[in-house]
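Scroll down for the structure; my scribbles are underneath it.
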Amino acid sequence: MMKLILNLICVYLGTIGFGIIVNVPKRSLNASGIVGSLAWLVYYLYFISFGGYVGGSLLGTFTIGVLGMVAAHREKMPVIIFNTPALVPLVPGGQAYQVMRNLAQGNNEMAKFYLLQVVFIAGAIAAGFLIAELFNQLLYKFIKRMGKIKSN
Amino acid sequence: MKDISERDQLVIETCLLAGKIMIENGSEMSRVTDTIDRISKNAHVEQARSYVTLTGIIMSAGPKVGSQVIAIERRGFDLEKISVVNDYSRKYGAGLITLHQFYNRLKHINEHVKTFPFWMQVFGAALVSGPLEIVFRGNLIDFWITCLIGIVGYIAYYAIDKYLNVQFISEFIAALLIGIFSILSVWFNLGTNIDDIIIGSIMPLVPGVPITNAVRDVLSGNLVSGPARGIEALMSACALGIGVAVAIKLL
């Protein structure tokens, strides 16, 4: 439990740090940090209960997509401002590094193993965003329709 | 008649400039197309057509006005500028600013947008490297040295990028320095695990976001810009990887 809290704080800090590097507006730093931490929490919960990187990455990015949209509507800023920093804790940087390291040392088998992981995680992240976008559009249409019914 | 075509010309210029700023600072393609369409619609240029790619935008506004091209040579990340362009577009749509004001503000966007000071960016690099090392690897002992080497790598990247206009070389040298310093730090007993330190401190430079943007562009049907961005991201990933690999081989 202590470890989880420590990790959450670290994810929050890391997200904010990346936000500073890519120069997001100051008032959106906190929101993107929160989005990042929640998404990582979803990823982590999936990972400890079911195992496997791919599903966790997919659900994590789905969370980023949906929460990013909510934050964007609240703060009236583009979604990308919240999505970009929040994605950083889910990026398969460790695996990508292992690919290069094993290639440099001549362990082609291990390099292939990690390369496959990187490809699958990148695909899962993209799919997660896509599903989130779909979800957002459906939700938007639904809300619009509800508004129409109410005004009638 | 001349008045109308002059105004249309200004609309095109404004759209192109807005699109250029957005692509230069890391926006995805669908958002750029969306913004351009919205501006021209709000300006009542009904026949406006645009063709947006990662390296240039072409736009025309009907048969009477000449179409214009703008080239995009450099791409980086500055999300505040995207947000500001978005803001102006909204204001223009709501009728709060005129087209001339819109265009002038876009032209002087560098004076209006505040970037974080350099020490703050360095602090951000430290925040990305150290904490993410803990998240990925759970190695508490190497936290401080990872922060430090992350800072070194980011400063090297920033300094070289300023004087040399080839992004891949600055990434390569930064990764090389990160690798060398990580190995040295373990030799001198400042750190315990080379892998953990390198993974953490390379995080500020990793092109994870461009790769995801590339896949998103492809999935949304942008078959020209998506692969182009993918190549760009792959090149920087290779530059980083080769830098680290050379450091491991050398020492």
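The values are calculated or read from the model by the stated rules, or taken from the named source; none is laboratory data. Nothing here was measured: the structure is a model prediction, and the numbers come from that model. As a convention, Cβ positions derive from the backbone with ideal geometry for all residues, glycine included, and neighbour counts pool all protein chains shown.
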Residues that are within 10 Å of another protein chain (Cβ to nearest Cβ) and either surrounded by 24 or more Cβ atoms within 10 Å (Cβ to Cβ) or under 23 Å from A:Phe120 (Cα atoms) (or both), drawn from the range A:48-76: A:Thr61
Meets criteria (more than 19 Å from A:Met77 (Cα to Cα) and away from chain A (no Cβ under 14 Å)) for B:Gly76: no
Residues satisfying the stated conditions in the range B:107-132, i.e. surrounded by fewer than 20 Cβ atoms within 10 Å (Cβ to Cβ) and either without any contact (Cβ under 8 Å) to a residue 24 or more places away in the chain or basic (Lys, Arg) (or both): B:Lys107, B:His108, B:Asn110, B:Glu111, B:Lys114, B:Phe116, B:Pro117, B:Trp119, B:Met120, B:Phe123
Test for A:Phe129: is it out of contact with any strand residue (DSSP E or B) (no Cβ under 8 Å at 6 or more places or on another chain), under 13 Å from A:Leu58 (Cα atoms) and aromatic (Phe, Trp, Tyr): yes
Residues being over 14 Å from B:Pro207 (Cβ atoms) and either touching a Ser or Thr at 6+ places or on another chain (Cβ under 7 Å) or not β-branched (Val, Ile, Thr) (or both) - total across the range B:229-251: 5
Meets criteria (modelled with pLDDT of 90 or more, surrounded by fewer than 18 Cβ atoms within 10 Å (Cβ to Cβ), of a type outside the set (D, E, K, R) and closer than 19 Å to B:Val128 by Cα) for B:Ile178: no
So B:Gly150, is it more than 24 Å from A:Val119 (Cβ to Cβ) and touching a residue at least 24 places away in the same chain (Cβ under 8 Å): yes
Unique residue being assigned to a helix (DSSP H, G or I), within 14 Å of another protein chain (Cβ to nearest Cβ), of a type outside the set (A, V, I, L, M) and over 26 Å from A:Thr61 (Cα atoms) when the list is B:Phe172, B:Phe181: B:Phe172
Positions within the range B:44-74 being surrounded by 16 or more Cβ atoms within 10 Å (Cβ to Cβ) and under 30 Å from B:Leu164 (Cα atoms), in sequence order: B:Val52, B:Leu54, B:Gly56, B:Ile57, B:Ile70, B:Ile72
Cβ pairs under 6 Å, 6+ apart, first in the range A:121-135 and in contact (Cβ under 8 Å) with a residue 60 or more places away in the chain, second of a type in the set (Ser, Thr, Tyr) and not in a helix (DSSP H, G or I): none
